Amino acid sequence: MAGAGAGGETAAALCEPMKATSEGAWQGDNPLRFSLPLIILQICLVVVFTRGLAFVLRPLRQPRVIAEIIGGILLGPSAFGRSKFFLDNVFPKESLTVLDTLANIGLLFFLFLVGLELDPASLRRTGRTALAIAVAGISLPFALGVGASLVLRAAIAPDVPRGPLIVFMGVALSITAFPVLARILAELKLLTTDLGRMAMSAAAVNDITAWVLLALAIALSGSGSPLVSIYVLLCGVAFVAFATFVIRPVLVYMARRSPDGEPVKESFVCAVLAIVLAAGFATDTIGIHALFGAFVIGILVPKEGAYAGALTEKVEDLVSSLLLPLYFVSSGLKTNVTTISGAKSWGLLLLVITTACAGKIGGTVLASLLMRVPLREALALGMLMNTKGLVELIVLNIGRDRKVLNEEAFAILVLMALVTTFMTTPAVTAVYKPARRQASYKHRTVERDDADSELRVLACFHASRGIPTLINLVEASRGTRRSKLTMYAMHLVELSERSSAISMVQRARRNGLPFSSRRGHEGGGGEVVVAFEAFQRLSAVTVKPMTAISDLDTIHEDIIASALDKRAAIIVLPFHKMLCHDGTLEPVDRAFHQVNVRVLRDAPCSVAVLVDRALGGAAQVSAPDVSYSVLLLFFGGADDREAFAYASRMAEHPGIALTVARFTAVATPSAADEEAIQRHISSVPMAGDGSFKYEEVATHDRQEVASAIKSLGRGKNLVVTGRSAPTAMPLVERSDCPELGHIGSYLATPEFSTTASVLVVQQYNSRSDPAVSHGTQDDVVEESVVSIPPSPDKTGRYADAV
């Protein structure tokens, strides 16, 4: 009896729940034995580990869900969890209830976000082709899943109930992960192409159908009588009806009281979050899992107006960044890849992967070909529809919790989901390469014979702080005697994993290209559109705001494609450094440096890089108040001629005083240079007030050139120069911005100035045309600057790196 009592006390001690907080290590408490510090450690470990894996997989263009699935598996018993010390201290059994609860709360709100992305109205407009693809993409893999489930049951799970296993396997093989598919399409710039729209429409139908089938599978997997399953399904239908006719009117009322351009009331946000939790409680009580309630509420939220977008912004960062990764770890702790051992298990894994791919890809391709979709697009659709991900894990985890899947079957299906999703991006890239329409147009430079023709400028910016300088530059460039100037103002936005970013891409792009904004929220920021609309009303310049939302490794493709599509004569790029209070320039993001390098290399027109030192101040200057002193540095060559053409256009503005400094001793004058100088000087209106000056500067070495430039630049607001001055000597030994050329690299240093903005111009030539074959290395642009040591008799004063 005593032994039994002692054993009972030990069992009670082992089952005793953790306390929430400790008294601290100095009081002798181990923080890892208390739930709050332990869950904090778990969250930090999971976030750092999965983000690190995502960074490693980024060159392969894989969605973050791949890194999160792999991270969860590695932290589980398949890898790190094989260490008893690690598992007992970081993921002890008594902590898993708290971990699973937080993970499921995160999953609950994530499914609410997924529902927010699905628009029932768009489902009703689904075309015959997308509907046929969705039906075939569900039917064939479901049918093959039935056969695979029978093989799997006979081989490794003979005690599992047959009916629920058939349904779970069918759903697992036929499902398409809608959020992951959207991310992959956005990454490949296919989200709003015909192919992308077709895939998204089919995936949306597939997603809804899969959740209905999953509800059926959960109902059938109950341990009660068949009547209980019928009651569960009927109650589920009653819940959907109640939500549609009672809860949706409340959601519509709140959406109507949340107009565009105004913040959504905190009480409305709180009410919706409470409704999501209550719906989750209701569906869990019914017996079809709490996730269904959240998903249904997300679908019923009106998608018109700002309400749905505001809810997404309020919820997504906390859920996607902190809580949702816990679900992947919770799943990974149940996944033991080592259970897949021996030829039989690996053969079953190969069978399941083959069955999933054959069913999904084969069914989609067959339906696409019957609907007269071209073969390449049909194959790409098949690859895309084979995307698995989080929804797949949800299905498998529910199946494991319901004892429908044993440990080995669960591990096999998790690896199947990982493999099929991992292969999607490279397979689509290999199969489908959409042809870009190569626009053929005449005016690809500012320097042209018919100087009175329209000038089209594609002006890019990273953030709203760059808008005033951009507007002031364009206002100064509009001229007075010329025909109109059209400015396409492109906001460069990095594509993130957020649901709102995907929705923004859908609104901002048409046919894979950035789309001119018509409303504030479509342009990626109402304040951006308002600023340019105000400028257009006060100026003679036509302004069209645009947004490019892409990964920074590929956003240059959007810039180049838009320049072609809009027939731009010049692209104005922001320098990758911003002005600090002490006059120095600090990098915003090194990735933007490579964006500029790639655009300079591949541009279909002239390019100018703008080093922003607050031209005109921190605010927009109205047209009558424009008063700038501009310096043009002319050394010779095509780029300098293009810079002169741009500066001469600026000189027409009554508020611009232009000084042209031609450096004569460093170059042998060419006929083209002489002709350009004479033409532009004759085109500049001579007001007699000294607003235009031309002078020749004789210099012989680097220090004389730098001293002359510094002297000429005093009091100037803007300095314009060509990027590649062939005969100019490098004025700095080393530079981290060689794309600016010899002169531009020096102009970007605080040694030259802390107040004068700089415009470095490169003239279009056929070698930089995307349609012409040339080298693909980013370093091609950087070959124009060669670092040389200072002359022996010089002090090296200008040899400092930028």
Task: Contour excess over end-to-end distance, with Cα ends at Leu350 and Leu318 and 0.36 nm allotted per residue - done: 7.8 nm
TODO: For the range 176-204 and the range 105-173, write down the distance between their C-alpha centroids in whole Å.
DONE: 18 Å
Task: the range 536-600, relative contact order [Cα under 8 Å, separation at least 6], % - done: 31 percent
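What's the FRET efficiency of Val419 with Ala540 using the Cβ-Cβ distance as r and R₀ = 51 Å, to the nearest 0.05?
So the FRET efficiency works out to roughly 0.30.
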TODO: Give me the distance between the Cα centres of the range 364-430 and the range 307-346, rounded to whole Å.
DONE: 16 Å
- [ ] Apply 1/(1 + (r/R0)^6) to the Cβ-Cβ distance of Glu262 and Asp736, taking R0 = 51 Å, and write down the FRET efficiency to the nearest 0.05.
- [x] 0.70
Open item on the list: Which residues does the label zone of Arg61 cover in the range 190-205, counting backbone N under 16 Å from a point 7 Å along Cα→Cβ?
Closed with: 190-193, 195-196
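Subtracting the Cα-Cα distance from 0.36 nm times the residue separation, let me have the gained length for His581 to Val246 in nm, one decimal.
Answer, rounded to one decimal: 114.9 nm.
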- [ ] Treat the count of other C-beta atoms within 10 Å as a stand-in for reagent exposure and order Phe635, Phe168 from fewest to most.
- [x] Phe635, Phe168
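With 32 Å as the limit, write out which pairs from Lys544/Lys577; Lys93/Lys265; Lys314/Lys433 have Cα-Cα distances beyond it, or answer none.
Among Lys544/Lys577; Lys93/Lys265; Lys314/Lys433, the Cα-Cα distance tops 32 Å for Lys93/Lys265; Lys314/Lys433.
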Open item on the list: Going through the cross-link list Lys84/Lys403; Lys484/Lys693; Lys484/Lys716; Lys84/Lys360, which pairs have a Cα-Cα distance over 29 Å in this structure?
Closed with: Lys84/Lys360
Task: 5 angstrom amide H check on Lys577, placed H, neighbours 5+ away - done: Val588
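We did not get these values from a lab; they are worked out from the coordinates using the rules stated. In this text the structure is predicted, and so the values were computed from the model without any measurement. Reconstructed Cβ throughout: ideal geometry from the backbone, glycine too, with neighbour counts over all protein chains shown.
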